[in-house]
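**Student:** Supplied in structure tokens, the structure appears directly below.
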Amino acid sequence: MLDRYRGTELQNYLEQLIDGEIEVARKPQYVDQIPKQFDGKVRQLLEQTDERGDLDYLVDELSIRPVMDQAIDSISGGELQRVALAATLARDVDFYFLDEITPYLDISQRMTAAQLIQELSEDGDRSMLVVEHDLAILDLLADTLHITYGEPGAYGVVTDPKSVRNGINEYLSGYLDNENMRIRPEAITFEEHAPRAATKGQPLVEYPDLQKSYGEGEFSLDVEAGTIYESEVLGVVGPNGIGKSTLAKLFTGALEPDEGELDTQLDIAYKPQYIEIDQPMRVDAFLSSITDQFGSSYWNTEIAQPLQLERIMEQNLDDLSGGERQRVAIAACLSEDADLYLLDEPSAHLDVEQRVQATSAIRRYTENHDATAMVIDHDIYMIDLLSDRLMVFDGEPADHGTARPAQEMRAGMNDFLADLDITFRRDERTGRPRINKPGSQKDREQKRDGEYYYAN
Ligand code: ADP
Ligand code: MG
């Protein structure tokens with residue numbers, strides 16, 4: 001290794017590592033495994049890691065104070081992720097390896113994680129390596145970028161460092177300049193301006209005000225009356241615990257509203273947030289039981305290929321990884337014949353390339369079939385690339401939420417991002433949205449003008 005990296009920055013690092021001069025802290029990718037390795041309360045896990053005396057600050061910033069006295073095996077995925085981040089960032093080491101920071105987190109929690117990582121990297125002689133699939137967050141967070149490409153399951157290549165801006169642009173364009181390497185046949189492009197007030201189709205469903213509570217004094221959701229039009233893709237955004245999945249269940253009929261009534265004539269294809277398809281059945285058998293298009297050249301190009309299903313067709317559903325199960329579930333949903341396709345967090349557990357492919361599969365499917373879709377997600381690039389209009393949730397997570405009627409993208413993004421206090425600018429060359437540094441000139445100007453997303 002030393003020979004291979006002689007003359008590069010890595011040589012220095014590897015030599016120090018050999019000499020035991022470098023201490024490393026690592027946040028594992030699969031936070032759901034932590035309860036298998038640690039038996040105890042959140043507080044006990046965190047106290048062992050408080051090497052810099054910063055633990056209280058991290059606990060408050062990451063809002064995990066309320067779960068400090070809960071058992072590790074009783075907290076949610078989003079809470080585990082934030083506990084794992086706190087545990088890693090509380091350490092006093094030279095090098096931090098953070099293997100995916102955004103799974104299970106909503107946008108504001110992602111921003112907080114990014115900000116804490118940046119603060120720590122500026123404090124003294126510390127370096128961090130972050131693996132991440134949310135490109136907007138990665139863009140905000142990183143100083144330099146390595147792209148890995150290759151053939152999943154076969155080989156991978158890590159590129160030399162690139163500037164973050166160029167690296168992400170090259171990645172989206174599908175072509176790596178320095179490496180002279182095409183990694184995808186087509187480029188991913190963003191529309192710079194809000195889609196023009198799209199000519200709407202016929203209303204697919206007009207729903208009245210709805211109300212749903214879970215028991216006395218627990219969470220309650222108010223849905224403001226609205227309309228979903230034929231052939232549109234509705235993006236749905238809002239913090240965790242605000243009632244997005246509850247709304248999805250109201251639409252599918254899995255839950256009954258306490259007040260208001262929903263027309264349940266609609267045929268809905270539903271991909272739930274938490275996927276339960278763990279039967280001892282092969283993927284190909286499962287998918288061919290859903291559609292008689294299975295295996296047709298149309299189905300292969302539109303669904304199997306972009307969702308990378310070929311390699312897992314012969315596996316059993318109960319042996320699939322999180323990302324594999326997600327892709328099968330998206331395929332199953334899109335393979336149904338339905339009036340409305342309802343996808344709850346399709347980006348979860350997918351890598352960047354799979355997100356990009358899943359996004360274009362959903363987009364292409366809805367366009368080719370004049371289908372209507374509702375997509376709940378936290379990945380702002382995915383929402384931007386997919387949506388014709390936006391439905392925004394607000395309220396107090398875990399207490400009450402309100403689902404606002406869907407709006408045009410510009411108005412929707414402005415409402416949503418004003419609440420989060422985040423503005424986006426456009427990359428000059430590609431039009432790609434980039435999060436403004438909080439307090440930067442652009443950030444202040446755009447807030448003054450009330451243009452959080454589609455500023456020129
Ligand atoms: P989101 O999808 O926006 O993250 P959810 O609709 O899943 O939010 O949940 C909203 C709130 O309702 C959360 O506080 C959650 O804990 C609570 N909740 C969800 N399902 C139930 C249930 N079956 N019983 C009681 N509370 C629930
Ligand atoms: Mg949800």
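Coordinate-derived values only; no laboratory data. Just so we're clear, the structure is a prediction, and the values are computed from it rather than from any experiment. Glycine gets a Cβ as well: all are built from the backbone with ideal geometry, and neighbour counts include every protein chain shown.
**Student:** Give the Kirkwood hydrodynamic radius (Å, one decimal) of the range 179-323, defined as one over the mean of 1/r across all pairs of different Cα atoms.
**Tutor:** Working: mean 1/r = 0.0518 Å⁻¹.
Radius from the Kirkwood sum: 19.3 Å.
**Student:** Additional query: VAL59: net charge of surrounding residues, Cβ under 11 Å, Lys/Arg +1, Asp/Glu -1, itself excluded?
**Tutor:** Details: positive: ARG43, ARG65, ARG82; negative: GLU47, ASP50, ASP54, ASP56, ASP60, GLU61.
Surrounding charge for VAL59 is -3.
**Student:** Say a site is exposed when it is one of the trypsin sites (Lys or Arg not before Pro), sits in a DSSP loop, and has at most 12 other Cβ atoms within 10 Å; what is then the longest site-free stretch of the chain? Don't skip to the end; give the middle numbers.
**Tutor:** On the way: sites that count: ARG4, ARG6, ARG196, ARG429.
That gives 197-428 as the longest site-free run.
**Student:** Give the share of C-alpha pairs in each 10 angstrom bin for the range 9-73, from 0 to the last occupied bin, in whole percents, shortest bins first.
**Tutor:** Using 10 Å bins, I get a P(r) of 17, 38, 26, 17, 2 for the range 9-73.
**Student:** Here's something else I'd like to know. SER321 to ASP449: extension gain in nm, 0.36 nm per residue of separation minus the Cα-Cα distance? Please list the in-between numbers first.
**Tutor:** Numbers: separation 128, 0.36 × 128 = 46.08 nm, distance 4.52 nm.
That pair, SER321 and ASP449, stretches by 41.6 nm at full extension.
**Student:** Separate question: By a straight-distance test (C-alpha under 16 Å), which aspartates and glutamates pair with LYS36 as possible cross-link partners, with residues fewer than eight away in the same chain excluded?
**Tutor:** ASP73, GLU79
**Student:** Sticking with this one: At a threshold of 8 angstrom on Cα-Cα distance, excluding pairs fewer than six apart, so keeping six or more, what relative contact order does the range 203-420 reach in percent? Working shown, then result.
**Tutor:** Working: 423 pairs, mean separation 70.0, N = 218.
So the answer I get is 32 percent.
**Student:** Shifting gears a bit: Starting from the Cα-Cα distance between THR264 and GLU47, subtract it from 0.36 nm times their residue separation and give me the gain in nm to one decimal. Before the final figure, lay out each step's value.
**Tutor:** Working: separation 217, 0.36 × 217 = 78.12 nm, distance 5.11 nm.
In short, 73.0 nm is gained.
**Student:** Would you please give the FRET efficiency between VAL131 and GLN202, computed as 1/(1 + (r/R0)^6) with r the Cβ-Cβ distance and R0 = 56 Å, to the nearest 0.05? Mind dumping the intermediate values first?
**Tutor:** Details: r = 45 Å, r/R0 = 0.80.
Once rounded, the FRET efficiency stands at 0.80.
**Student:** When we measure straight from the Cα of LYS447, which lysines land under 25 angstrom away, once same-chain ones fewer than 8 places off are left out?
**Tutor:** Filter leaves LYS437.
**Student:** Evaluated at 25 °C with a viscosity of 0.890 mPa s, what Stokes-Einstein diffusion coefficient in µm²/s does the chain have when Rh comes from the Kirkwood expression over alpha-carbon pairs? It would help to have the intermediate numbers written out before the result.
**Tutor:** Working: Rh = 23.6 Å.
Rounded, D is 104 µm²/s.
**Student:** Magnitude of the Cβ-charge dipole of the range 203-420, K/R +1 and D/E -1, about the Cα centre, nearest 20 debye? Mind showing how you got there, number by number?
**Tutor:** Details: 14 positive and 43 negative charges, 144 e Å.
The calculation lands at about 700 debye.
**Student:** To the nearest whole percent, what portion of all C-alpha pairs in the range 9-182 is separated by more than 22 angstrom?
**Tutor:** Values: 7448 of 15051 pairs.
Beyond 22 Å sits 49 percent of the P(r) for the range 9-182.
**Student:** Can you pull the three principal axis extents for the Cα set of the range 203-420, in Å, largest first?
**Tutor:** Extents along the principal axes, in whole Å: 46, 36, 33.
**Student:** Taking only C-alpha pairs under 8 Å that are 6+ residues apart, what is the relative contact order of the range 9-182 in percent?
**Tutor:** Values: 215 pairs, mean separation 32.7, N = 174.
Taking the mean separation of contacting Cα pairs over the length of the range 9-182, I get 19 percent.
**Student:** While we're here: For the residue pair LEU255 and SER76, what label-to-label distance in nm results when each label sits 7 Å from Cα along the Cα-to-beta-carbon direction?
**Tutor:** Computed distance between label sites LEU255 and SER76 equals 1.2 nm.
**Student:** What is the spin-label model distance, in nm, from ASP160 to GLN16 if the labels are put 7 Å beyond Cα along the C-beta direction?
**Tutor:** Taking the simple label geometry, ASP160 and GLN16 are separated by 2.2 nm.
**Student:** Which ³J(HN,Hα) values in Hz, rounded to whole numbers, follow from the phi angles of the range 224-235 under the Karplus curve 6.51 cos²θ - 1.76 cosθ + 1.60, where θ = phi - 60° and Gly and Pro get x?
**Tutor:** With coefficients 6.51, -1.76 and 1.60, one gets 7, 3, x, 10, 10, 9, 4, 6, 10, 10, 9, x Hz.
**Student:** Which whole-number percent gives the relative contact order of the chain, counting Cα pairs below 8 Å spaced six or more residues apart?
**Tutor:** On the way: 786 pairs, mean separation 66.4, N = 456.
Relative CO of the chain lands at 15 percent.
**Student:** Just round it to a whole percent: the fraction of Cα-Cα distances in the range 311-456 exceeding 22 Å.
**Tutor:** Counting pairs separated by more than 22 Å, the tail of P(r) holds 50 percent.
**Student:** Moving on to the next point. Give me the one-decimal nm value for the distance between modelled label points at GLN211 and ASP69, 7 Å along each residue's Cα-to-Cβ direction.
**Tutor:** Going from the GLN211 label point to the ASP69 one covers 3.4 nm.
**Student:** Can you spot the lysines whose alpha carbon is less than 26 Å from LYS244's alpha carbon? Ignore those fewer than 8 places along the same chain.
**Tutor:** Result set, ordered by chain and number: LYS200, LYS212, LYS271.
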